[in-house]
1. Any residue at all in region 29-45 that is modelled with pLDDT under 85, more than 21 Å from residue 5 (Cα to Cα) and not in a loop (DSSP other than H, G, I, E, B)?
2. Which residues, counting only those in region 194-236, are assigned to a strand (DSSP E or B), in contact with a Ser or Thr (Cβ under 7 Å, 6 or more places away or on another chain) and of a type in the set (A, V, I, L, M)?
3. Residues to consider are 479, 492; find the one that is within 28 Å of residue 211 (Cα to Cα), among the small types (Gly, Ala, Ser) and buried (at least 18 other Cβ atoms within 10 Å of the Cβ).
4. Can you give me the number of residues within region 406-444 that are within 27 Å of residue 229 (Cβ to Cβ) and out of contact with any Phe, Trp or Tyr (no Cβ under 8 Å at 6 or more places or on another chain)?
5. Filter region 66-91 down to the residues that are in a helix (DSSP H, G or I) and either among the acidic types (Asp, Glu) or under 20 Å from residue 5 (Cβ atoms) (or both) and list them by number.
6. Is there a residue in region 3-12 that is out of contact with any strand residue (DSSP E or B) (no Cβ under 8 Å at 6 or more places or on another chain) and either closer than 19 Å to residue 86 by Cα or surrounded by 15 or more Cβ atoms within 10 Å (Cβ to Cβ) (or both)?
7. Assess whether residue 295 counts as being free of Cβ contacts under 8 Å to residues at least 60 places away in the same chain and surrounded by 13 or more Cβ atoms within 10 Å (Cβ to Cβ).
Amino acid sequence: MKKDVIYVDIEDDITSIIAKVKGAAAPIVALVPPKRIGVLQSIVNLKLLQRAATGVDKRVVLITNDTALSGLAAGLSIPVAKNLQSKPEVAEVTALEMDDEDVINGEDMPIGILASSSAQPEEKAKSFGAASFASKPEKAAAASTTPLAARAAANAPKKGSSKLPNFDSFRKKLFFIGGGVVALTAFLIWALAFAPHATVTITAQTNTINISQVLQLKQDATLDADQHILPAVVQQTKKTTSVDFEATGKKEIGEKASGTVNIKNCDSNEAFVIPAGSVFKASSGETYTNGSAVTVPGFSGSASACRNTGAGAGRAAAIVVANTIGPEYNIESTSYSVAGVSGDVTATGTAMSGGSKQTVTVVSEDDIAKAREQLQSQDANSVKNELKKQFESDEIIITESFKADAQDPASTPRVGEQVSGKAKLTAETTYTLVGVKRSDLKSNFDAYLKAQLTGKEDQKVYASGDNGAQFSQFTTIDGGYTTTVSTGAQVGPQIDETAVKAQLVGKRSGEIQQQLTNIEGVENVETKFSPFWVTKAPGENKITVKFLLKNDAN
């Protein structure tokens, strides 16, 4: 069948328990008493509870392991279960055990005592009249003193014999009683003097003061809260790393065409020089240059004969090379014009050859830049975790400060060189992570908050904001770093903890709550006493006061 479970508090009286039973919805009501049975220790209260439950057609079951309560319930036939899952049963009434020494055997009593007691019926018989006893002869016979006297005489102690007390049993009992008294005394001293403790948790309504500052962090600096200068805690490590990358640069490579240009001078009978680097332009437009200066002799004889037949002409040969690579400069023999040379001077070249061209992949500057980024980010998380382990527990790490700086990376092949497969960039990388001491950051915030609370003596700082500080815009500057820090400090009512403890001594939970909630800014008070038998706050050194903050934004 369905049952309702009712948990009985130590403060509940029998009236409130009966009301809960009557208000239960199920026909079976399981009562779970506290460790200190309290109101249910009374047989009268149990009878009232049973009668009230019967009046509303409900059956009460007690959930307890307490033998005393189980015994009381057994006398009233109230079922008892050890827990909510076990089967309820009516406990057996424990038979009264009696010591043989506590039983008075009439047969062992002295004859005089038996005689006096046997005489009483006769006296009573005379006082009421013989007729009353004559009407009941069987009772008169039972009142006869003759058998009692005989048995008393038979069991009378013999002369010269006496029963000695058992001193061993007495000593054992005395020992156990003494030990029990000592244990009880020790327990009472502990329970009353050492064990009692009270924890008072005060929930205070706080206001948030937002803080945003630009900090200067320097390794060798001294804390200057007014100027927001803090000593920087810097951790570094160097690692030689390399990364393979794909080259994407394109380049045309090849050979330049070359040949000979023959020069005939019929213009001047004096020699002249064609300087190195002079441009020889073919009739088809291709250009070539000579690698070295060429001296052209003057002609001899008749100028007309020189022009018509070439007789007496001054002749020279120039080795020329095409200005650009490519097979298109491999041209057939043709005439050339020579820069800086005019008049009756002609130049005829041989067929040019050796020119070639192809497009290949080379390492570009962009490839190096991308590879450098890969190099800096390679294993960055593992190196960052390695650096974090170097900070002390009282230091705050600025995660945004992590930096990987690769020094003079070397590329193989170099920039502009042809790549066969993958290229490699190798560099020594310096990893850096910066932090600050928590105490320095807190002092910096406290200096700001002190100025904000000037003239507000009833307010105090509950949280300076160092635990929730957020850093951004981290920048490296000459001699250190700068960063922006943002946080929210909690400010609330000023409560003197020592004074509060002194005021709470000897007060109950309700009195403590009423007294502390009257303080401005206190929103809630919770009090816990321990052990369970403590109902009042003990001495000041046994009271712990805790503060919980409730932000005004919540």
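1. No.
2. Hits for region 194-236 are 198, 200, 211, 214, 215, 217, 234.
3. Exactly one of 479, 492 is within 28 Å of residue 211 (Cα to Cα), among the small types (Gly, Ala, Ser) and buried (at least 18 other Cβ atoms within 10 Å of the Cβ), namely 492.
4. The qualifying residues number 10.
5. 69, 70, 73
6. yes
7. No.
Here's the yes/no breakdown for (1) in the same structural domain as residue 391 (by TED's automatic domain parsing); (2) surrounded by 13 or more Cβ atoms within 10 Å (Cβ to Cβ); (3) touching a residue at least 12 places away in the same chain (Cβ under 8 Å); (4) among the hydrophobic types (A, V, I, L, M, F, W, C):
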{"position": "181", "(1), (2), (3), (4)": "no, no, no, yes"}
{"position": "201", "(1), (2), (3), (4)": "no, yes, yes, no"}
{"position": "206", "(1), (2), (3), (4)": "no, yes, yes, no"}
{"position": "220", "(1), (2), (3), (4)": "no, no, no, no"}
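The values are calculated or read from the model by the stated rules, or taken from the named source; none is laboratory data. Quick caveat: nothing in here was measured; it's all calculated off a predicted structure. Positions of Cβ are generated from backbone atoms using ideal geometry, with glycine treated the same way; all protein chains shown enter the neighbour counts.
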